[in-house]
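In what follows, a single structure is set out as structure tokens and then discussed.
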Amino acid sequence: MKTKYFYFFLLLLFFSCENEEPMEPRYASLNEYPIYNGDDLGYQFSPEQTTFKLWAPSAFKARMFLYEKDLDGAIAGTHDLEEKENGVWTTTINENLEGKYFTFQTKVGDGWRREAPDPYSIACGTNGARTQIIDLSKTNPDGWTNDKRPPLAQPNDIIIYELHVRDLSISALSGIQNKGKFLGLTERGTTSPEGLSTGIDHLVEMGVTHLHLLPTFDFRSVDERKSEAERKYNWGYDPHLYNVPEGSYSTNPQDGQVRIKEFKQMVQALHQAGIRVVMDVVYNHTGRSRRSVFNILVPQYYYRQNEEGNFSDASHCGNETASERPMVRNFIVSSVKYWAEEYHIDGFRFDLMGIHDIETMNLVSKTLKEVDPTIFVYGEGWAAGDSPLAEEKRALKVNVPQLDPIAAFSDDIRDGLKGHVFTAEAKAFISGKAELEESVKFGIVAATQHPQVNYKAVNYSEAPWAKQPAQCINYVSCHDNHTLYDRLTNSDPKASEEDKEKMARLGLGTVLTSQGIPFLHAGSEFLRTKYGVENSYESSDSINAIDWSRKNKYLETVDFVKRLIQIRKAHPAFKMKTQEEIAKNLKFLQVKNNLITYSINGAAVGDSWKKIIVILNGNKYGQKVKIPEGNWKFIVRNGKVDASGIDFFGGGRLNVDPIEMIVLAQ
Ligand code: CA
């Protein structure tokens, strides 16, 4: 080749490879993208061949890179994908690719975009940088095919305990070997230095039915390349790959099979302990925006845009997903179905559910009920900011009547009990502030229609939003914001430890005797503290770890909670099944000045206790309550709980102590 032609050739090559003119978009708008309803996106593996499928309708070209390693290393093969119908790109490789890793790449308009792992990845290596090709059947622990969901007769039997995987075991006091790992939730017989149960045994001792785990899908914030000691803590609300367990909770994030097997071992151990497992799912936003896996491969489609065409941000995390778009909806629905089927997950807690559209949430619920009718779905019925999707279309608390049968958290009772969530010093019912009685009553009737609740006086709701009690999650604290103990310390700095314990018992006791579904923040039964840190999402273990020495220190309250859980399990009067039953059989008696008294007609709902009276006194002074005559026994009195009766009472005027909960039954 003559030199000048050679240079001309080089120039041609340069322009053809690097500086192509941007091409016109393939579709005029995101709404015109073709939809693929198949369930085989991702890869289909067999020892003979693996087929890859990627939905990327806006791409002009798509390809896949194979790798031997999960990070770094040379490309072991480049394979162009062929475009098929409905925006799907595919290739089949007739080799055994087991154990290899891959990424996809799309060419959209202005050139090749970054490599990205497959959004539909079911396995990946370190930090989810590359998808791993595995034989899923090899990830099942022994006995997995016999794994069964623990029995659940009806949703009102649920008692939820909310926990971060790492917090449970990371303290030296936990007595758990696999600290901070999924496997830490498989160890039995573990104890604190005082000889009290920790880990799973503690959950069994408390008697909770559902363990709700903070994010356990693969998230971004913890660098899995780092050693355990160097890794920074995070809650994990920054999703990366939705269908893969988080690598930092596994003993080996490089090999994708390990985290899957260990996650399944955790579920299996919890199921064997009689505890169901709930995943906290965060489909409302992705950890990254412009450079998320979704947005690299199919720009913009997975997200809502504001009027300027940028990412709208109802999550307050930089973006919000567009669940109303068919392929986003498909992704969310297929993802929860996958976790329910492959990992035997028993429930899903939707983070910022109020960002999602109602139709998607109802399809999620319907799909999961088809997998197993006892799978429970609930979520936060709010968003963190404004969304371009109209409020009437979103799964907000006020729209819960249209979400059947999905439940939502009651911030009404939460703040009614302990004070406004974002005002650290705010007091409320349990700390002696009056005029929140209607908000507490609203929770007692599980946010349903009741003739004796004045809805105009409820803090955040003007009307009942639960059609049935199982749609209402009652709680006094969770991972967000101050712990109950820290809030009490802030709002009442002069309160004695003894009084704080009484206030905590009153709050937890109210939740555990209310209709609806009770929810407990891990460690609240021993007055967990985060030393005043309100938002500990990236605080160190020293703030977040469960301090098991507190179990011994606050043993009376642990016992109080445990025994109330036993009573709740044994007495249908505290978990009536319908709004009608509650309206008919739960009557408020004396309600004034931060005192709430109500009765339940136990006989009418098949309870062995024919009549029940609950008295809640949030004041720092005693009150007198008139009790009808009868053969009453004290079930709860002075911080003690005994289902067989602490003492007897014939009725008449009863002195209720300061900050006290009393339950009487006959
Ligand atoms: Ca990760």
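Can you name the number of the only condition in (1) surrounded by fewer than 21 Cβ atoms within 10 Å (Cβ to Cβ); (2) within 25 Å of Gly347 (Cα to Cα) that Glu98 fails?
(2)
Just one of (1) in contact with a Ser or Thr (Cβ under 8 Å, 6 or more places away or on another chain); (2) within 16 Å of the ligand (Cβ to nearest atom) trips up Leu152, so point out which.
(2)
Sort out which residues of region 227-250 are at pLDDT 95 or above and among the acidic types (Asp, Glu), and write them in order of number.
Correct list: Asp238, Glu246.
If the requirement is being within 19 Å of the chain's Cα centre (by Cα) and within 14 Å of the ligand (Cβ to nearest atom), which of these qualifies: Tyr237, Tyr283?
Within the list Tyr237, Tyr283, the selection yields Tyr237.
Tally up the residues in region 410-436 that are buried (at least 24 other Cβ atoms within 10 Å of the Cβ) and not in a loop (DSSP other than H, G, I, E, B), please.
Adding up the residues that qualify gives 9.
Out of Asp411, Asp415, Asp346, report the one residue that is over 30 Å from Phe263 (Cβ atoms), under 18 Å from the mean Cα position of the chain (by Cα) and not polar (S, T, N, Q).
Asp411
Let's see how each residue does on (1) basic (Lys, Arg); (2) surrounded by fewer than 18 Cβ atoms within 10 Å (Cβ to Cβ):
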| residue | (1), (2) |
| --- | --- |
| Glu497 | no, yes |
| Arg505 | yes, no |
| Tyr531 | no, yes |
| Asn535 | no, yes |
| Arg550 | yes, no |
| Phe560 | no, no |
| Ile567 | no, no |
| Glu580 | no, yes |
| Lys584 | yes, yes |
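Restricted to region 354-400, and to residues that are more than 12 Å from Ser323 (Cβ to Cβ) and of a type in the set (Ser, Thr, Tyr), which residue is surrounded by the most Cβ atoms within 10 Å (Cβ to Cβ)?
The extreme case among them is Tyr378.
Mind checking which pairs have a first residue in region 219-242 that is within 16 Å of Ser540 (Cα to Cα) and part of a loop (DSSP other than H, G, I, E, B) and a second that is within 12 Å of the ligand (Cβ to nearest atom) and of a type in the set (Val, Ile, Thr), Cβ under 7 Å, 6 or more apart or different chains?
Listed by first residue and then by second, the contacts come to Arg231/Val222; Lys232/Val222; Asn234/Val222.
Can you tell me which residues in region 188-218 are assigned to a loop (DSSP other than H, G, I, E, B) and within 16 Å of the ligand (Cβ to nearest atom)?
If the condition is that a residue be assigned to a loop (DSSP other than H, G, I, E, B) and within 16 Å of the ligand (Cβ to nearest atom), then Leu214, Pro215, Thr216 are the ones that fit.
Residues of region 323-340 being crowded, with 20+ Cβ neighbours inside 10 Å and either outside any helix (DSSP H, G or I) or basic (Lys, Arg) (or both), which ones?
Within region 323-340, Ser323, Arg325, Arg329 meet the criteria.
If you scan region 71-89, which residues turn out to be within 17 Å of Lys107 (Cβ to Cβ) and surrounded by 14 or more Cβ atoms within 10 Å (Cβ to Cβ)?
Of everything in region 71-89, those that are within 17 Å of Lys107 (Cβ to Cβ) and surrounded by 14 or more Cβ atoms within 10 Å (Cβ to Cβ) turn out to be His79, Leu81, Glu83, Gly87, Val88, Trp89.
Listed residues Asn94, Asn127; which is within 16 Å of the ligand (Cβ to nearest atom) and farther than 16 Å from Lys261 by Cβ?
Within the list Asn94, Asn127, the selection yields Asn127.
Would it be correct to say that Asp118 is surrounded by 22 or more Cβ atoms within 10 Å (Cβ to Cβ) and on the phi < 0 side of the Ramachandran plot?
Judged against the criteria, Asp118 is a match.
Yes or no: region 246-255 includes at least one residue that is within 12 Å of the ligand (Cβ to nearest atom), surrounded by fewer than 22 Cβ atoms within 10 Å (Cβ to Cβ) and within 15 Å of the chain's Cα centre (by Cα).
Checked region 246-255: no residue is within 12 Å of the ligand (Cβ to nearest atom), surrounded by fewer than 22 Cβ atoms within 10 Å (Cβ to Cβ) and within 15 Å of the chain's Cα centre (by Cα).
So, Val222, is that one within 13 Å of the ligand (Cβ to nearest atom), at pLDDT 95 or above and under 20 Å from the mean Cα position of the chain (by Cα) or not?
yes
The values are calculated or read from the model by the stated rules, or taken from the named source; none is laboratory data. Small disclaimer: the values here were computed from a predicted structure and weren't measured. Cβ atoms come from the backbone with ideal geometry, glycine included; neighbour counts cover every protein chain shown.
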